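Encoded as C-alpha cells, the structure appears first; notes follow it.
The values are calculated or read from the model by the stated rules, or taken from the named source; none is laboratory data. What you are looking at is a predicted structure, and each value in this text was computed from that prediction instead of being measured. All Cβ positions, glycine included, derive from the backbone under ideal geometry; neighbour counts span all protein chains shown. Side chains included, ligands, DNA and RNA excluded: accessible areas come from the protein's heavy atoms. Shrake-Rupley method; radii C 1.70, N 1.55, O 1.52, S 1.80 Å.
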Amino acid sequence: MTPPSLPSVRLRPKANARAIRHGFPWVYDNELVTDRRTRALPGGSLAILEDNERAPLGLVTVNPASRIICRMLDTDPAAWIDQDWFAARLEKAQSLRARLYPGPYYRLIHAEADGLPGVVIDRFDDCAVVQPNAAWAEARLEELIEALVEVTGVRVVIKNAGGRARALEGLDDASGVLRGQAPDGPIAVPMNGATYMADLMGGQKTGLFYDQRPNHAFAAGLSRGARVLDVFSHVGGFGLAALAGGAASTLAVDGSQPALDLARAGAEVGGVAARFDARRGDAFDVMAALAEEGRRFDVVICDPPAFAPTKKAVEKGLRAYERVARMAAALVEEGGYLGLCSCSHAADLTRFRGACNRGIGRAGRQAQIIHTGQAGPDHPLLPQLAESGYLKAVFYRL
C-alpha cells in the first residue's frame, strides 16, 4: 500500500533546524509557520516537517493547540504509522528490558525516549497498562494495542486516561479494559526482593512506580537492622524494599488509606508484616507529630509528589522541598541516613539539591552526600531532551 499524502508544516527562518536534525524531538509554536492551514489541522494530525528552505526533516504529529506544536515521530518523512511501525518500536523497547530484568515487570515504553511521544506503557507480566497521553496515539490506539499484544503476548491491556497531559491534548479521561478481563484484585509485583501490590484499575497512574527501583535498592542496602521511616510511601516503595533488605522496622506514612492498605498487603505477602507499621495523614503533619513524640529513625526517605510540575511552580516547589528536608532531617538519628527525592522535571538536580541542602542546614544538621540516583534504565533518557530525566534522588549521611 502507498502511504497517504500528508500536509507539510515549515519551520521559521530563526528556528533551530540543526537541533531537530540532531535528535531534539519537539517544535515549539513560536518556531513554526502557523498559517491558517496549519492552525486548522486537527490535534494529532500527521505532517511532514520542513526547514525554512523546504527540506524535509521528518514525520511529525501536530497539535496547533499545544505549546509543543510538533513532536517528531520518525526521521523518515516517508514513514507510515501502522501496526508494523508500532511493532518495530515495541520490539526494540522490549529487547532492552528483557536484557535488564529477569521477569516482565518494568516500564516498557517511556514516551519520547522509546520513540513513541506521549505514550507510557508499564508491563505487569501478562497485563499491560497504557497511557496514551497524546492525541496522535489516541487516534491510533487500536493499531498500538494490536502491536503490543503481537510483540509481548500480554493477555490484558488496560487504558489509563488519568494523566494531566491528556487534558492539554484535548482528550477525555475515560479509562477501561481494552483487551482481556480486568484483574480481580491487586497484582503481586516482585522487585528488589520485596513484593508490591499494584492496583492496575484504581491505583495512582499505572498502579506502581517502577522508576524508583534502583533507589529502593540503594536505600535497602543502608537499612540492615535499621529503623526506617518511609514518608509519602504510596504502596510501600522504600519501606518494603528496606524490610526485604533486613530493616528492623518500617513506618510508612501516606495520605491515602488505600495506598497504605496495599503496602500492608505487600508486607503480608512478603512475610514481613510483623516489622511493618503505617500511619495515615498529611506528611508534614505526621513528621511534626513524630518530632513532638521524640521519635528518631536510622533511615528516613521522603518521596513526595511533584511539587514543581511546571516552570511557573518552581520557586514554590523548591520551598516545599526545602521544608521536607528540614522536617525530615530532624527525625534522623545521629549518623543516620536521609534520602530525598523529586519527580519534578522543572526543578533540575542542582536546584533540587540546593533546596535539600538548605533544609538540612535549617534543621541544624551537617551532612555528607553519599549517593545521587535517577530513574532506572527502563526509564531511558533521550540525551537531547532534558525533560526525560525528571527523577532525582539524593542520599545524605547526617
For segment 109-231, inverting the pair-averaged 1/r of distinct alpha-carbon atoms gives a Kirkwood value in Å of 15.7
Cα shape, segment 261-320, gyration tensor, a/c 1.5 rule
oblate
Normalised radius of gyration for segment 1-127, please: alpha carbon Rg relative to 2.2 N^0.38 Å, two decimal places.
1.17
Given the peptides 226-239, 9-22, arrange them by the average over their residues of other C-beta atoms within 10 Å, most packed first.
226-239, 9-22
Apply the Karplus curve 6.51 cos²θ - 1.76 cosθ + 1.60, θ = phi - 60°, to the phi angles in segment 361-371 and return the couplings in whole Hz, x for Gly and Pro.
x, 5, 7, x, 10, 9, 9, 10, 7, 10, 6
Net charge near Gln94, counting Lys/Arg +1 and Asp/Glu -1 over other residues with Cβ under 15 Å of its Cβ?
-1
Using +1 on the beta carbon of Lys and Arg, -1 on that of Asp and Glu, and nothing else charged, what's the dipole of segment 84-182 about the Cα centre, debye to 20?
320
Heavy-atom surface of the chain, accessible at 1.4 Å and reported per residue (Å²):
44
For the chain, the longest principal axis of the Cα atoms and the Cα long axis of helix 314-329 enclose an angle in degrees, to the nearest 10, of 20
Sequence-separation-based contact order of segment 1-52, relative, with Cα cut under 8 Å and 6+ spacing, percent
62
Tell me which residues come under 5 Å, amide H to amide H, from Ala128 once H is placed; ignore anything under 5 positions away on its chain.
Val156, Val157, Ile158
Where a ≥ b ≥ c are the square roots of the eigenvalues of the C-alpha gyration tensor, would you call segment 74-147 rounded, which needs a/c under 1.5, or, failing that, prolate if a/b is larger than b/c, or oblate?
prolate
Three principal axis lengths of segment 200-265 [C-alpha, angstrom, descending]:
35, 22, 17
What number, in percent, do you get for the relative contact order of the chain if the mean sequence gap of Cα pairs under 8 Å and at least 6 apart is divided by its residue count?
11
Using the Cα centre as the reference, give the magnitude of the dipole from point charges on the C-beta atoms of the chain (Lys, Arg: +1; Asp, Glu: -1; all else neutral), rounded to the nearest 20 debye.
1360
Kindly rank 137-146, 179-188 from highest to lowest mean number of other beta carbons found within 10 Å of each residue.
137-146, 179-188
Semi-axes of the chain's equivalent ellipsoid from the Cα gyration tensor, sqrt of 5 times each eigenvalue, largest first, rounded to whole Å?
40, 25, 17
Around Glu146 (Cβ within 12 Å, Cβ-to-Cβ, excluding Glu146; K/R +1, D/E -1) the net charge comes to -3
Cα convex hull of segment 219-376: mean projected area in nm², to one decimal?
8.9
Taking just the alpha-carbon atoms of segment 18-69, what radius of gyration and Dmax come out, in angstrom?
10.5, 29
Note down the net charge around Leu41, summing +1 for each Lys or Arg and -1 for each Asp or Glu among other residues with Cβ under 15 Å from its Cβ.
+1
